[in-house]
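The values are calculated or read from the model by the stated rules, or taken from the named source; none is laboratory data. Note that this is a predicted model, so its numbers are computed, not measured. With ideal geometry, Cβ positions are generated from the backbone for all residues, glycine too; neighbour counts draw on all protein chains shown. When the accessible area is computed, the model is the full protein with side chains, heavy atoms only, and any ligands, DNA or RNA have been set aside. Shrake-Rupley method; radii C 1.70, N 1.55, O 1.52, S 1.80 Å.
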Amino acid sequence: MNNWVTHAIREINADYQRSADTHLIRLTLPAFPGIHIYLKDESTHPTGSLKHRLARSLFLYGLCNGWIKEGTTIIEASSGSTAVSEAYFARLLGLPFIAVMPACTAKRKIEQITFYGGRCHFVDSPCQIYDASETLARELNGHYMDQFTYAERATDWRGNNNIADSIFRQMANEPYSEPEYIVMSAGTGGTSATIGRYLRHQGHQTRLMVVDPENSVFLNYWRDGDNQRRSDTGSRIEGIGRPRVEPSFIPGVIDDMMRVPDCATIVAMQWLETVLGRKVGASTGTNMWGVLSLAAQMRDAGQTGSIVTLLCDSGERYLESYYNPEWVAASIGNLSEARQALQALLK
Ligand SMILES: Cc1ncc(COP(=O)(O)O)c(C=O)c1O
């Protein structure tokens with residue numbers, strides 16, 4: 001193998017060796033006696049989100065496949081988080097990096113991409129990121145990383161310290177060590193594919209529930225199998241919910257799906273700050289709404305057990321959007337009904 005490629009793979013592996021695992025936080029909620037809720041805190045990766053894992057895997061996959069060589073320009077279609085993490089790895093390997101993103105992407109993410117030496121190429125709508133990325137890759141003779149296609153296969157789903165493996169190891173000494181549910185939202189669908197396959201491979205009884213925001217086609221596709229579905233409007237919850245069925249979204253590994261209204265996402269996100277003491281991103285709010293709904297169902301059925309979800313990224317990235325009441329009122333809507341629904345879940 002080419003010297004540079006050998007060196008690049010070694011660099012990424014050494015970076016991994018220097019890294020620590022992410023925490024599994026236990027929440028104590030008086031509203032749900034005997035139901036333990038856990039958050040896998042992916043905001044503590046060096047680049048601030050669960051996408052750090054994916055970016056590492058995609059670079060290794062591209063290097064081992066012979067797609068990434070010395071000097072290759074890396075191009076990625078992203079709603080921002082993946083691009084931040086890929087910019088980090090591109091800088092580690094000394095490769096040029098271009099993120100193709102909707103113009104509405106959070107400013108903080110754009111700043112982080114440029115901090116790591118990446119460039120941003122903006123398109124008007126989330127639906128345009130794919131074609132624009134392909135065109136750029138062709139023009140620059142670069143490599144389109146294409147997380148939406150490769151996320152599900154770049155990660156080793158059998159174990160190898162993937163996110164599911166890590167959750168189960170960290171749950172080992174808990175009163176309910178095998179969760180009733182793991183709840184996750186889908187952007188590429190890569191994380192839910194890894195978790196779902198791992199659960200089956202290991203023979204766990206845990207059910208995978210995927211939560212989907214408004215304007216996303218995933219839930220309907222999961223129900224009816226129509227992969228030609230399109231949504232004209234992009235998701236308002238950054239990082240999750242897609243206007244087309246992404247190849248990395250694997251419906252067969254998902255036991256259940258739930259639509260989470262965007263207002264409910266924001267309310268759950270705000271509420272989580274009051275129990276956690278810090279801000280989380282909006283996709284974590286979507287996850288949390290799913291968790292609270294399931295916990296309420298379990299409570300009402302007299303069940304006990306545990307539920308695990310992901311804290312995907314921190315809220316500091318979204319101070320100007322999801323944490324700005326004027327922005328929320330104008331872009332998401334009136335939260336009062338969702339607040340009442342949350343109170344009903346927490347009764
Ligand atoms: C903040 C955030 N949450 C959740 C997800 C969904 O993860 P996945 O792409 O593995 O489905 C993403 C993906 O971009 C994200 O950026």
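Scan region 277-301 residue by residue and report those that are away from the ligand (no atom under 16 Å from the Cβ) and not in a loop (DSSP other than H, G, I, E, B).
Leu292, Ser293, Leu294, Ala295, Ala296, Gln297, Met298, Arg299, Asp300
Asp232: charged (D, E, K, R) and open to solvent by less than 10 Å² (accessible area, probe 1.4 Å), yes or no? It is false that Asp232 is charged (D, E, K, R) and open to solvent by less than 10 Å² (accessible area, probe 1.4 Å).
Exactly one residue out of Ser293, Ser314, Ser336, Ser331 is out of contact with any Phe, Trp or Tyr (no Cβ under 7 Å at 6 or more places or on another chain), within 30 Å of Arg200 (Cβ to Cβ) and open to solvent by 10 Å² or more (accessible area, probe 1.4 Å), and it is Ser293. Residues in region 249-273 that are β-branched (Val, Ile, Thr), farther than 17 Å from Ile182 by Cα and open to solvent by 10 Å² or more (accessible area, probe 1.4 Å): 0 in all. I'd like to know if region 242-258 contains one or more residues that are aliphatic (A, V, I, L, M) and away from the ligand (no atom under 14 Å from the Cβ). Looking for residues that are aliphatic (A, V, I, L, M) and away from the ligand (no atom under 14 Å from the Cβ), one finds at least one in region 242-258, hence yes. Inspect all residues belonging to region 206-215 and state whether any of them is outside any loop (DSSP other than H, G, I, E, B), over 19 Å from Ala268 (Cβ atoms) and either modelled with pLDDT under 95 or over 18 Å from the mean Cα position of the chain (by Cα) (or both). Scanning region 206-215 turns up at least one residue that is outside any loop (DSSP other than H, G, I, E, B), over 19 Å from Ala268 (Cβ atoms) and either modelled with pLDDT under 95 or over 18 Å from the mean Cα position of the chain (by Cα) (or both).
Close Cβ contacts (under 9 Å, 6 or more residues apart or on different chains) running from residues in region 1-29 that are of a type in the set (Phe, Trp, Tyr) to residues that are open to solvent by 40 Å² or more (accessible area, probe 1.4 Å) comprise Trp4/Lys69; Trp4/Glu70; Trp4/Gly71. Taking the criterion of being within 16 Å of the ligand (Cβ to nearest atom), β-branched (Val, Ile, Thr) and assigned to a helix (DSSP H, G or I), would at least one residue in region 168-189 satisfy it? No, that holds for no residue. Scanning region 93-141 for residues that are open to solvent by 20 Å² or more (accessible area, probe 1.4 Å), at pLDDT 95 or above, out of contact with any Pro (no Cβ under 9 Å at 6 or more places or on another chain) and within 22 Å of Gly281 (Cβ to Cβ) gives Ile110, Glu111, Gln112, Thr114, Phe115, Tyr116, Cys120.
Residues in region 230-268 that are in contact with a Lys or Arg (Cβ under 8 Å, 6 or more places away or on another chain), without any contact (Cβ under 8 Å) to a residue 60 or more places away in the chain and among the aliphatic types (A, V, I, L, M): Val245, Met257. Among the residues of region 57-87, write down those that are open to solvent by less than 10 Å² (accessible area, probe 1.4 Å) and either in a loop (DSSP other than H, G, I, E, B) or charged (D, E, K, R) (or both). Matches in region 57-87: Ile68, Glu76, Ser78, Gly80, Glu86. Is it the case that region 218-229 has a residue that's open to solvent by less than 40 Å² (accessible area, probe 1.4 Å), in contact (Cβ under 8 Å) with a residue 12 or more places away in the chain and touching a strand residue (DSSP E or B) at 6+ places or on another chain (Cβ under 6 Å)? The answer is yes; a qualifying residue exists.
Reported count of residues in region 143-167, each being assigned to a loop (DSSP other than H, G, I, E, B) and among the aromatic types (Phe, Trp, Tyr), is 1.
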